[in-house]
1. Take the range A:32-43 and flag every residue that is open to solvent by less than 20 Å² (accessible area, probe 1.4 Å), aliphatic (A, V, I, L, M) and more than 9 Å from the chain's Cα centre (by Cα).
2. Check A:Ser67, A:Ser57, A:Ser77 and return the single one that is out of contact with any Asp or Glu (no Cβ under 8 Å at 6 or more places or on another chain), of a type outside the set (Asp, Glu), modelled with pLDDT under 95 and surrounded by fewer than 21 Cβ atoms within 10 Å (Cβ to Cβ).
3. For the range B:74-87, give me each residue that is of a type outside the set (A, V, I, L, M) and buried (at least 16 other Cβ atoms within 10 Å of the Cβ).
4. Considering the range A:41-67 alone, what residues qualify as being among the hydrophobic types (A, V, I, L, M, F, W, C) and away from chain B (no Cβ under 12 Å)?
5. Out of everything in the range A:22-36 that is in a loop (DSSP other than H, G, I, E, B) and among the polar types (S, T, N, Q), what residue ends up being nearest to A:Val51 (Cα to Cα)?
6. Considering only the range B:49-58, state which residues are open to solvent by less than 70 Å² (accessible area, probe 1.4 Å) and more than 10 Å from chain A (Cβ to nearest Cβ).
7. When the residues of the range A:70-91 are narrowed to those that are in a strand (DSSP E or B) and closer than 15 Å to A:Asn30 by Cβ, which ends up nearest to the other protein chains (Cβ to nearest Cβ)?
Amino acid sequence: SQTIHQWPATLVQPVGSPLSLECTVEGTSNPNLYWYRQAAGRGLQLLFYSVGIGQISSEVPQNLSASRPQDRQFILSSKKLLLSDSGFYLCAWDLQRGTDTQYFGPGTRLTVL
Amino acid sequence: AQKVTQAQTEISVVEKEDVTLDCVYETRDTTYYLFWYKQPPSGELVFLIRRNSFDEQNEISGRYSWNFQKSTSSFNFTITASQVVDSAVYFCALHIIQGAQKLVFGQGTRLTINP
């Protein structure tokens, strides 16, 4: 069966510091991968998605970036965090076979102080 | 434009009551998919159901049921005989096909079941 991991689970970072969040999927090959952000008390916003290694599409202009160095690894980064980057970050995957269900990881709660 | 509206921000009921969560969507696509996810306090989104636009049959899964009506662009979710463990934020989402498979989420409904 497929499993999706995210780490760290929680993170507290000062403004201006770098960020690296990691997501890995097990038990499947060539998935689509997604990064979402959920601000406090709000819905989910798609940040990035990837259909393959090195292929990244950005949905929202911001100081975040994403990379996919391996088939089942998706990384969310920032060179300098802003207060507004605080939130709950969720990684998701689905299969590239037409319409499929997205499954989500456990999430990373980021607080920027 | 693709949009999902969950007008109920918060709902609070007493255990064993039935409760319905509303979801209204907008899309110009003739083929689309609708989803419901549950987000318990732990934060992880748990998939509940997927429904395609060609299947308007209502679905029941235990205490959960879903009513899909294309005529009113609604996909409502009912919990029968609610339990405290049903307390969570529930999200309705619309799937759109633009490159990868994108989900457009509603703002969510926070459901609290009181003992």
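1. Matches in the range A:32-43: none.
2. A:Ser57
3. Matches in the range B:74-87: B:Ser74, B:Phe75, B:Asn76, B:Phe77, B:Thr78, B:Ser82, B:Asp86, B:Ser87.
4. A:Ile53, A:Val60, A:Leu64, A:Ala66
5. By that ranking, first place goes to A:Asn30.
6. B:Arg51, B:Ser53, B:Asp55
7. The residue in question is A:Phe74.
The values are calculated or read from the model by the stated rules, or taken from the named source; none is laboratory data. On a predicted model such as this, the values are computed, not experimentally measured, just so you know. Here Cβ is always computed from backbone atoms with ideal geometry, including for glycine, and neighbour counts include all displayed protein chains. Ligands, DNA and RNA are excluded from the accessible area calculation, which covers all protein heavy atoms including side chains. Shrake-Rupley method; radii C 1.70, N 1.55, O 1.52, S 1.80 Å.
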